[in-house]
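Visitor: Pasting a structure here, questions to come.
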Amino acid sequence: MNIRRLLVTGGAGFIGSNFIRYELEQYPDLHIVNFDKLTYAGNLDNLLGIDEHRYTFIRGDIADADALANAMEGCDAAVNFAADTHVDRSILGATEFISTNVTGVYNLLEQTRTKGLARLLLVSTDEVYGSIEKGSFRETDPVSPGNPYSASKASGELIALAHHRTYGTPVIITRGSNTYGPYQYPEKVLPLFVTNAIDNQPLPLYKGGEHNVRDWLFVRDHCSGIDCALRRGTPGEIYNIAGGNERENIVLTRKILALLGKSEDLIRLVPDRPGHDRRYSIDASKLKKLGWAPQMDWDEGMALTVKWYQENEWWWRKVKSGEFLEYYKRQYGKRFADETS
Ligand code: NAD
Ligand code: TDX
């Protein structure tokens, strides 16, 4: 599929900014339009050094249909990363999650249909399946989201699938597993624990969830998976993107501390996340049949990622200020007071 002008929504966030770099590197004739609201998680520092001749930035909200329509003008295809993405924040309040992850997705579908775009790829998550004790979910399994974030993502997906069936809208959905790498906002466990440990601050590991399992996917592998589904996938289909690196949270935590040469005394077992999903696991053989395979080994990816945060304090120290500090207090203040170890 030949794409000349690609709309990327949410391209100033973690995976979106890595995806823009990936696409510009892979396709020399491609122009990217990045449409991003710049919420607390959007950060133009993530895109410093991008070739400005092949890139346009527009600030806007996907829940605003008119602004989105203007940004889409002249584009052949769109990839949506724009979302409210943090489970713990969705538990504190989910209004924004519904606006962006449901209404925003509906606007993308409507604009894709009316403007006749060749493809819309919606970046979704393995969390829509819910937790699984044994084995791995396939794309044909039912969704069973367990928190407000994953429920909002599943809602957007269902509207998209119905849109495809009703109007033939050429939408493709990917469900990626837990992603790690450079430029991840430090509310997520990995960058939070790495940056806290660098500062000798405690690591708030959810007690009862120490043995919960996540499947770690390096961000570049997530980007190549999205690219593969966008260009080689079939409209109306869903594709899992799995890292193939299932690790218990305690194993991840110890790995971070070992890479930084820090003591395990920094670990604090704090009250658990309500409704905490125990294990995520997905089978990516459908996407692998299209030619995708993850390239990054977990040990290498972890070493590279931890090193990136060590070498880029300028990036995360700016982020870990203002709004972040207020959030941190709200999220962890009482937890640290109630800690059980
Ligand atoms: P992020 O929180 O780092 O970035 C989200 C971006 O979306 C930010 O730039 C933000 O400003 C923008 N945004 C938010 N609301 C918007 C709106 N209404 N209009 C326009 N822009 C808006 O997110 P991320 O971790 O990069 O995740 C990107 C996508 O991948 C999300 O859809 C998420 O559900 C999905 N995903 C993430 C992971 C993960 O582990 N991080 C795993 C699987 C799937
Ligand atoms: O302080 C913490 N302590 C802790 O023990 C945090 C923030 C998390 N955790 C645990 C909870 C989870 O078991 O670590 C695990 C990972 O937590 P998050 O980084 O919040 O990710 P998760 O809830 O698994 O969701 C992520 O993966 C799927 C992304 O945030 C989603 O956007 C993506 O869809």
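Visitor: When you check Ser150 against the structure, is it under 27 Å from Ala65 (Cα atoms), under 16 Å from the mean Cα position of the chain (by Cα) and part of a strand (DSSP E or B), yes or no?
Guide: The answer is no for Ser150.
Visitor: Is it the case, given these coordinates, that Ala12 is surrounded by 24 or more Cβ atoms within 10 Å (Cβ to Cβ) and either out of contact with any Ser or Thr (no Cβ under 8 Å at 6 or more places or on another chain) or under 21 Å from Gln111 (Cα atoms) (or both)?
Guide: yes
Visitor: So, of the residues in the stretch 178-207 that are part of a helix (DSSP H, G or I) and more than 10 Å from ligand 2 (Cβ to nearest atom), which turns out to be nearest to Leu287 (Cα to Cα)?
Guide: Val194
Visitor: Now a separate question. Here are some residues: Leu192, Leu252, Leu230. Which one is crowded, with 18+ Cβ neighbours inside 10 Å, within 21 Å of the chain's Cα centre (by Cα), of a type outside the set (Ser, Thr, Tyr) and farther than 26 Å from Asp277 by Cβ?
Guide: Leu230
Visitor: What is the number of the single condition among (1) open to solvent by 10 Å² or more (accessible area, probe 1.4 Å); (2) under 28 Å from Met296 (Cβ atoms); (3) not in a loop (DSSP other than H, G, I, E, B) that Arg175 does not meet?
Guide: (1)
Visitor: So which residues in the stretch 79-94 are within 12 Å of ligand 1 (Cβ to nearest atom) and outside any loop (DSSP other than H, G, I, E, B), if there are any at all?
Guide: Val79, Asn80, Val87, Arg89, Ser90
Visitor: Name the residues in the stretch 121-162 that are charged (D, E, K, R) and either open to solvent by 30 Å² or more (accessible area, probe 1.4 Å) or away from ligand 2 (no atom under 13 Å from the Cβ) (or both), would you?
Guide: Glu133, Lys134, Arg138, Glu139, Asp141
Visitor: Related question: Would you mind finding the one in Cys223, Cys228 that is within 12 Å of ligand 1 (Cβ to nearest atom) and in contact (Cβ under 8 Å) with a residue 60 or more places away in the chain?
Guide: Cys223
Visitor: Another question, if that's okay. Of the residues Ser131, Ser155, Ser99, Ser144, which is outside any helix (DSSP H, G or I), without any contact (Cβ under 8 Å) to a residue 60 or more places away in the chain and of a type in the set (S, T, N, Q)?
Guide: One residue alone meets the criteria, Ser144.
Visitor: Among the numbered criteria (1) outside any helix (DSSP H, G or I); (2) open to solvent by 60 Å² or more (accessible area, probe 1.4 Å); (3) aliphatic (A, V, I, L, M), which one does Leu269 miss?
Guide: The number of the failed condition is (2).
Visitor: Please tell me if Lys307 is closer than 21 Å to Tyr206 by Cβ, at pLDDT 95 or above and not aromatic (Phe, Trp, Tyr).
Guide: no
Visitor: Moving to a separate point now. Do you know which of the residues in the stretch 101-120 that are within 16 Å of ligand 2 (Cβ to nearest atom) and surrounded by 24 or more Cβ atoms within 10 Å (Cβ to Cβ) is nearest to the chain's Cα centre (by Cα)?
Guide: Asn101
Visitor: Being touching a strand residue (DSSP E or B) at 6+ places or on another chain (Cβ under 8 Å) and within 13 Å of ligand 1 (Cβ to nearest atom) narrows it down to one of Ile267, Ile250, Ile241, so name that one.
Guide: Only one candidate qualifies: Ile241.
Visitor: Here is a further query. Of all the residues that make up the stretch 208-256, how many are of a type in the set (Phe, Trp, Tyr) and either touching a Leu at 6+ places or on another chain (Cβ under 6 Å) or away from ligand 2 (no atom under 14 Å from the Cβ) (or both)?
Guide: So the count comes out to 1.
Visitor: With the requirement that a residue be closer than 27 Å to Glu25 by Cα and assigned to a strand (DSSP E or B), what does the stretch 216-250 give you?
Guide: Those that are closer than 27 Å to Glu25 by Cα and assigned to a strand (DSSP E or B): Leu217, Phe218, Ile238, Tyr239, Asn240, Ile241.
Visitor: Looking at the structure I just gave you, is Ala63 hydrophobic (A, V, I, L, M, F, W, C), under 30 Å from Arg330 (Cα atoms) and crowded, with 18+ Cβ neighbours inside 10 Å?
Guide: Here the answer is yes, as Ala63 does meet what is asked.
Visitor: Scan the stretch 19-28 and tell me whether some residue there is in contact (Cβ under 8 Å) with a residue 24 or more places away in the chain, surrounded by 21 or more Cβ atoms within 10 Å (Cβ to Cβ) and in a loop (DSSP other than H, G, I, E, B).
Guide: No, there is no match, as no residue in the stretch 19-28 is in contact (Cβ under 8 Å) with a residue 24 or more places away in the chain, surrounded by 21 or more Cβ atoms within 10 Å (Cβ to Cβ) and in a loop (DSSP other than H, G, I, E, B).
The values are calculated or read from the model by the stated rules, or taken from the named source; none is laboratory data. These numbers come from a predicted model, not from an experiment. Quick reminder, even Gly has a Cβ in these numbers, built from the backbone with ideal geometry, and neighbours come from all protein chains shown. Heavy atoms of the whole protein, side chains included, go into the accessibility calculation; ligands, DNA and RNA do not. Shrake-Rupley method; radii C 1.70, N 1.55, O 1.52, S 1.80 Å.
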